[in-house]
Amino acid sequence: MTRPILIQNAVVVADAHTAPLRGGDILVRDGRIAAIGKNLAAPEGAEIIDGTRLIAIPGFVNAHMHSNEAFEQGAYDNLPLEPWLAMSYPPFGFPELSERAHYLRGMLCALESIRSGVTTLQDDLIHPSATPEGLDGTISAYRDVGLRARVTVSMWNAPMDYALPFYEEIVPAELRARIAATPLPTDDALLALFERHYAKWHGQSDGRLGIALGPCAPQRCSPELLQALNRIAAERDLAMHMHVLETKTQAITGQVLFGKTLVRHLHDLGLLTERLTMNHAIWLTEDDIARMGAVGCSVTHNPLSNLKLGSGVCPVRALRLAGVNVAVATDGMATSDTADQVEALRLAAMLHKIESFDTSTWLGAKESFEMSTESGAKSCRIGDIGRLAPEMRADIALLDADHLGFQPLHDPIRQLCFSVNSEAVRDVLIDGAFVMRARRMTRIDESAIRAEIAAEAERFRIEAIPKMAEGAAILRPYIDAIHARATAQALKPGHEVLRVPRIGNFS
Ligand SMILES: [Zn+2]
């Protein structure tokens with residue numbers, strides 16, 4: 001039993017829609033919020049926190065991340081998704097890391113996350129060789145630092161000619177044979193790996209750690225695997241996270257491969273449910289959006305990544321109007337290239353104003369904040385986080401009200417979006433315990449771990465990156481040709497909602 005905590009006299013931002021409570025107290029007991037109000041009585045033995053210069057907000061949920069890219073921040077630029085994938089996930093020369101290296105890479109992501117106020121991370125861990133060490137190392141870092149995390153085992157078992165349009169026509173036979181020589185994991189092997197991770201980690205650390213389902217994309221998985229995962233999701237009420245229609249090339253893939261959109265493909269397989277979160281969901285048709293809204297599925301909106309890769313802009317307003325739950329996320333650390341949720345929050349609050357002169361369609365600070373907290377929680381299928389209220393888990397970020405960007409304090413959510421950066425996050429509590437205090441991690445020897453991260457990351461830069469670049473160079477000309485051909489194709493009618501003429505011509 002830990003001591004109760006009473007935060008006194010803070011500005012309490014309970015959620016995006018409730019007016020901030022100035023001079024408010026928060027009582028935390030047994031990992032949950034016991035009460036919020038003014039002049040709350042201190043229980044015996046409580047730790048008293050002077051909140052006079054603090055702003056309390058619900059911790060952020062970063063609903064889409066690939067921590068395995070953490071050693072590639074700033075490694076690439078001016079690459080659309082498909083050529084970038086060839087670089088970051090090359091078919092030859094992909095590095096095999098020790099469990100400790102996976103741990104350090106996960107820890108780098110965790111530190112950046114917590115320092116930006118993230119208390120829950122949905123990590124879609126991509127580990128092509130699918131050995132247990134990848135997930136064990138990464139999730140152990142989250143356990144040690146105290147982060148709440150849902151980790152997926154990303155699954156990709158479809159051959160390249162299924163995943164990419166025009167592959168057989170453009171990629172020479174000899175190279176296709178060389179790529180095909182690496183066996184793809186079977187459905188059974190992937191399901192066994194999932195069960196192994198689920199048995200070992202799901203519900204650990206008082207429920208802070210969990211395993212989710214992560215079929216990489218509809219065109220990267222066999223229909224049989226997708227349906228098997230869908231059954232597991234239904235039986236155990238698990239979240240399933242999948243990349244859907246991130247790029248125009250993928251929209252063309254749906255037309256070429258299935259003769260329908262990838263959303264329609266998922267619908268026809270029975271995968272369109274409220275448990276499904278589609279990452280990106282940019283190249284949608286109006287029919288797709290209506291189908292998604294009808295089941296109330298989730299979408300992760302990753303504006304940093306989408307702009308950096310030139311993927312397009314998620315039609316967030318149309319999705320929200322249709323009833324889709326949209327969560328703001330950073331995406332992986334080699335496409336955004338950060339785990340800093342405040343950056344994603346800021347961009348989501350600003351980006352959509354460029355889409356129309358009709359201000360009624362704009363998203364602003366409040367909606368972006370809601371999508372970085374409550375909507376993220378819903379996407380992770382965790383019911384008791386995302387807001388500050390009695391009975392909710394005490395996942396709280398305390399912001400430094402003395403930050404220059406908060407002078408004067410007109411509106412904490414707006415100023416969090418527009419005026420300060422993540423250095424305004426001073427303390428972070430998860431399950432009612434401090435994991436960061438005055439910007440120092442409380443549960444690990446941060447100096448020692450940062451030195452070890454720096455050494456391992458530098459080894460990755462020197463040893464792994466050149467081998468990855470060498471392996472990618474073999475495939476790049478053909479991937480670039482596929483991208484050029486797909487993006488030159490006309491899409492079938494219905495994609496009008498995608499066009500954002502004042503940003504660029506994505507049609
Ligand atoms: Zn992703």
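Summary table
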{"item": "Selected residue (only one of 284, 304 is of a type in the set (A, V, I, L, M) and within 16 Å of the chain's Cα centre (by Cα))", "result": "304"}
{"item": "Helices (runs of 4 or more DSSP H) contained entirely in segment 162-270, each with at least 2 residues that are hydrophobic (A, V, I, L, M, F, W, C) and away from the ligand (no atom under 16 Å from the Cβ)", "result": "173-180, 187-201, 223-236, 248-257, 262-269"}
{"item": "Extreme residue, nearest to residue 250 (Cα to Cα), among residues of segment 32-86 that are within 25 Å of the chain's Cα centre (by Cα) and of a type in the set (Ser, Thr, Tyr)", "result": "76"}
{"item": "Residue list for segment 111-161, restricted to those being hydroxyl-bearing (Ser, Thr, Tyr), part of a loop (DSSP other than H, G, I, E, B) and under 20 Å from residue 396 (Cα atoms)", "result": "116"}
{"item": "Residue that is modelled with the highest pLDDT [pool: residues in segment 161-186 that are buried (at least 18 other Cβ atoms within 10 Å of the Cβ) and within 26 Å of the chain's Cα centre (by Cα)]", "result": "164"}
{"item": "3 or more residues within 16 Å of the ligand (Cβ to nearest atom) and under 21 Å from residue 68 (Cβ atoms): qualifying helices (runs of 4 or more DSSP H) within segment 281-340", "result": "303-308"}
{"item": "Residue count for segment 358-389, restricted to those that are more than 21 Å from residue 147 (Cα to Cα) and surrounded by fewer than 20 Cβ atoms within 10 Å (Cβ to Cβ)", "result": "7"}
{"item": "Set 217, 212: member being farther than 28 Å from residue 395 by Cα, touching a His at 6+ places or on another chain (Cβ under 7 Å) and of a type in the set (Gly, Ala, Ser)", "result": "217"}
{"item": "Only one of 448, 454, 464 that is in a helix (DSSP H, G or I), modelled with pLDDT of 95 or more and surrounded by 17 or more Cβ atoms within 10 Å (Cβ to Cβ)", "result": "464"}
{"item": "Residue pairs meeting the criteria (Cβ under 8 Å; at least 6 apart or on separate chains; first under 14 Å from residue 465 (Cβ atoms) and at pLDDT 95 or above, in segment 74-89; second of a type in the set (Asp, Glu) and not in a helix (DSSP H, G or I))", "result": "74/337; 75/337"}
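Residue by residue, here is whether (1) modelled with pLDDT of 95 or more; (2) within 16 Å of the ligand (Cβ to nearest atom); (3) assigned to a strand (DSSP E or B); (4) at positive phi holds:
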position: 10; (1), (2), (3), (4): yes, no, yes, no
position: 41; (1), (2), (3), (4): yes, no, no, no
position: 61; (1), (2), (3), (4): yes, yes, yes, no
position: 104; (1), (2), (3), (4): yes, no, no, no
position: 108; (1), (2), (3), (4): yes, no, no, no
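The values are calculated or read from the model by the stated rules, or taken from the named source; none is laboratory data. What you see is a predicted model; the values in this text were computed from it and never measured. We place every Cβ from the backbone using ideal geometry, glycine too, and count neighbours over all the protein chains shown.
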